Each structure stands twice: as structure tokens, then as C-alpha cells.
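Worksheet: the structure to be examined is printed underneath.
Please treat every number below as a calculation from the coordinates, not as lab data. From a predicted model like this one, the values you see are computed outputs, not experimental measurements. When we count neighbours, we look across all protein chains shown, and the Cβ atoms used for this are built from the backbone with ideal geometry, even at glycine.
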Amino acid sequence: MTDVTAVTAVDEEHQLFRDALTSVQADGRRRWIYARKPSGRYYRARTLLSWVLLAFLFLAPFVRVGGQPLILLNVLERRFVLLGLVFWPQDFYLVVLLALTLLITIMLATTTIGRVWCGWLCPQTIFLEMLFRKIEYIIDGSAEQQLRRDRALALPGARAGSVVIGKRVVKHTIFFALSFAIANLFLAYIIGSDALLKIVTAPPREHLVGLVAITIFSLLFYGVFARFREQACVLACPYGRVMSALIDRRTITVTYDRRRGEPRGKLLKDLADNANRPAPGDCVDCHQCVTVCPTGIDIRHGVQLECVNCTACMDACDDVMQRLDRPRGLIRLTSEDAITAGTTRWMTGRIKAYGTLWLVLISIVSTLLLERPDIDVLVLRQPGTLFTTMTEGEVANFYSVQAFNRTATARTFHLEVVEPRGATITLLGKQDQVAPYSLSESRMLVHVPASALSGTTTPIKIVVRADGVLAQKISTSFVGPGRDLP
Ligand code: SF4
Ligand code: SF4
């Protein structure tokens, strides 16, 4: 462990890094990041997790639960399916509450354990690091080989040979094919796997809009994974931008232990100059942690916006420490306070507030989900109609009836007016059945004796029985001429 004065000096010197982006040169041009392939226990864990997540991502729109996809996010028709639960437009409040709960979950997780979503769970990172970059290592060789080749090609007069050109063609063809598959997958989440299958199998001229959409998304994904890469996390992603507002000194995140690591120095040089220098820290300034970083940053400067918490630098440094016979964890998951003040308390007022809000939201959403009726009937007066005077001294109103069946079995429902007394219903057509996970629409006439009207508008109450069991009570209004028939 080193003295605080040395640490402070290093801190001040290194604040300069905040003035520039690693991936942008001084003249504003892009600096390409050649990230070395990580290896180690965290990378193995990420690889395993990525297989599970990739399998889930690719299968979720196609796997059926009770006839429904595992996930469908049809924003065009406002129809959502989450883990087999169907949400119709009238469940929109639940979708909003679920989205809010997800947002608070991410905020709570970020405040507690940093940007773990980015490095371990985000589809952008998983596709880029676990698919595209791995393919690139196989075709183009290691990061060092790629760097040497590109530097040689940048020299004046240098020309790419046929092998290099061939590799580029193969690599970008594979990249585009993968992007095309991801675009199809993306569309399957929005329009559903059946609709996607129709677009894919029917002649292109019958689905020009779908074809254009798939082409645009394919080009977009290809651009992101082949060229834009880490810029998506560093510059474009809104979550990355709000991260600085969510984390604080107690947030557990990938952190360099500068008390243990500084003063850093080359191992052999330190040994030679040992008599004239303060006791060296554990960091041997080998830059292994920098070369594996997919965003190209040096985590030894401190917590940075560009860090996606992928833990590649932890693996790289652990490997160096192991070879030097020193304890692992010079870069580790810990908090700034734990490094500087030795405090291990991570529970802050903010975490308590987010945690409480999260529990409240989870309770509300769970209760609403559990209490959601299996069948939901919506009765609305037919727009543009007033009332009809019948010969038997009755007044009638038209209503539209929408019935939503949220179950996997066909349901029969029956409507009955319980207030005012003597009111009856005539269904227009036999439409009291609703198929599984479907919406049925019909119309009905409600007859009310003129003597039962309480004015030009009379409140009426309707009960819904689904398969003989009381399922819902509906209050609506009935219009008429008042008590006196013309
Ligand atoms: S600093 Fe480490 S954890 Fe952060 S992005 Fe770079 S390699 Fe990943
Ligand atoms: S890998 Fe470890 S020892 Fe090497 S420069 Fe990074 S922090 Fe220092």
C-alpha cells in the first residue's frame, strides 16, 4: 500500500484524460480500437451467459406458450406479450407500469453495481463481443495482427494483397448475413414470427414494405456492428449518458486499486532503481488492462463514462498478477470509497429510495396482474346514435361490445342488464363466444321501459357472466327522451 500524497499526485495528473475520447483523434477523426481478445474467469462466465442470452434472444419470438410467443412487442398494434402473458390496448396502463418497473430496476442496479447491464446483458455488447468480434479474430487474426496489417496498409503506396481482400470480403459477407438475421429477429419481436414467416416466404412484391424494413434494419445493424461498434455505448446510448447521474462513490463497479497499484512502473526498471524510488506499487504498467478494453480506456485513471463494466481488464490484470505471484484483484469490483477510505458500506439513501420504490411498483404490478380478469368486456354506446323509440313503450340504445379473452381456451360470455328494472338485451347476431387470446366485437340493443328512465340520461348496470360465473360489472349510460315519450 502506498502513501496518500503519491495517490493524489497521480489523480491530478490523470484528470487530463477527461478532456478527450480515446476513440477520437485530436483532429476529430476516428481512432479504431483494436481490443485484444480477453481470457480468464470473468470472460468465461460472460461467454456462458452470452450463449444463454443469445439462445433466448433468438428463440423468444418463436417459442409458444399457450399458443402465444414468449415475447412480442407489437408497438404498431399496441399488442404486447411478455412470457406468454397477453397485453391488449386496454392493458396499456400495465405495460406502462411494467416499463416503469424495468426502468427503476435498471436505476437500482446501476446505483448498486454500476453499468453491469452494459457489459453483461445488453444485446449490443453480446452481439458485438461474442459474435462479430470473435468472427473477426478467426478471420483477421489477433488484435495485434489486425493493427500491424492496418498500419502497413496506411503507409503511402501500400496496397492490400489478394489474401487481405479475400478475408475482407468473407468477413463483411458474414457480418452482413448476421446483420440480416438480426434484422429478421428484430422484426419478429415487433410483428410476430408468423407475420415474419409470411414476408420471408411470399414473393417480395407482395410485401414490399416488409422487405424495405428488413433491408433498412440489416444495413443499420451491419453499420453498428461492423463500423460504429463501441461508439454506440460511448456516444449514442442514452443509458450510458445518465450513468454518471446514477453512480456515486459507494457504487460497486470495475475499479483500479490505486492505493495498491501506485506508484506504477516497469518491473525490471523498478528493481534496478529500487534504492532511489519509493516502494513500487503492484501495477507494472504493462498496459494489458488497456489493450483488452473494448472502449479503449485506461481504467487506472478512475471510473469513466466509457467503461461498460465488461470486466475484461480484471481478467487481464489478474493474469499479470498471477504470473508475478501477487494477489489477484488489483482491478476488481469494488467502490471508490472502499479503495480510498476502506469502507465497505454500500447501502446509501439513494439505494434505499430506489429499492422502496421498486418494491412498491412490483407489489402494484403483481396485484394488478393477478387480479386481471380472464375475460374483459367493454360496452360502449355506438358512436353517432341517439335512441330509438319502440312501439311497446320502450326506448332502445345501440351499444358496441368488445370482449377480450386472456386465456388459452375459448370462452362463452353472457350479458344481463340488472339496472334499471325491466331492461333487456337483444344481441345482434350470435356473438357471445370469444376464441383463445382473441378479441370479439359485436353489437347489441338495450331496451329500457320508458317508465324506468330517470331523465335524458339514465345510468344502467350490466353484469357479465363468463361460462356461468360472474366475471364483471359494467356501468354505462342510456340516453332517452326522458320520462315522457313523444
Ligand atoms: S475499463 Fe475494463 S471493464 Fe471498463 S470497458 Fe474497459 S475493459 Fe471493460
Ligand atoms: S494490467 Fe494490471 S499491472 Fe498491467 S497495467 Fe493494468 S493494472 Fe497495471
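Quick notes
- P(r) weight above 29 Å for the chain, C-alpha pairs, percent: 65
- Cα-projected label distance for residue 326 with residue 58, points at 7 Å along beta-carbon direction, nm: 4.2
- The range 325-433: translational diffusion in µm²/s, Stokes-Einstein, Kirkwood Rh over Cα pairs, 25 °C, 0.890 mPa s: 117
- By the count of neighbouring beta-carbon atoms within 10 Å, fewest first, 400, 193 end up ordered 400, 193.
- The value of relative contact order for the range 106-259, using C-alpha pairs under 8 Å at least six residues apart, is 38 percent.
- With contributions of -39500 (n - 2.57) from each DSSP H run of at least four residues, the per-residue ellipticity at 222 nm computed over the chain stands at -12500 deg cm²/dmol.
- Here residue 173 and residue 77 are evaluated by their C-beta separation; at R0 = 35 Å the FRET efficiency comes out at 0.50.
- Diagonalising the gyration tensor over the Cα atoms of the range 73-210 and scaling each eigenvalue by 5 before taking the square root yields semi-axes of 40, 25, 10 Å, largest first.
- Using the Cβ-Cβ distance between residue 425 and residue 236 with R0 = 56 Å, the FRET efficiency computed as 1/(1 + (r/R0)^6) comes to roughly 0.50.
- Extending 7 Å from the Cα toward the beta-carbon at both residue 479 and residue 165 defines two label points whose distance is 7.6 nm.
- Applying both filters, DSSP loop and at most 16 other Cβ atoms within 10 Å, to the trypsin sites (Lys or Arg not before Pro) of the range 41-106 gives 78.
- Footprinting exposure proxy ranking of 129, 419, 336, 371, fewest other C-beta atoms within 10 angstrom first, gives 371, 419, 336, 129.
- Extension gain from residue 457 to residue 363, taking 0.36 nm per residue of separation minus the Cα-Cα distance: 29.9 nm
- On the basis of the beta-carbon distance and an R0 of 45 Å, residue 219 and residue 39 show a calculated FRET efficiency of 0.85.
- Sequence of 442, 244 once ranked by neighbouring C-beta atoms within 10 Å, starting from the fewest: 244, 442
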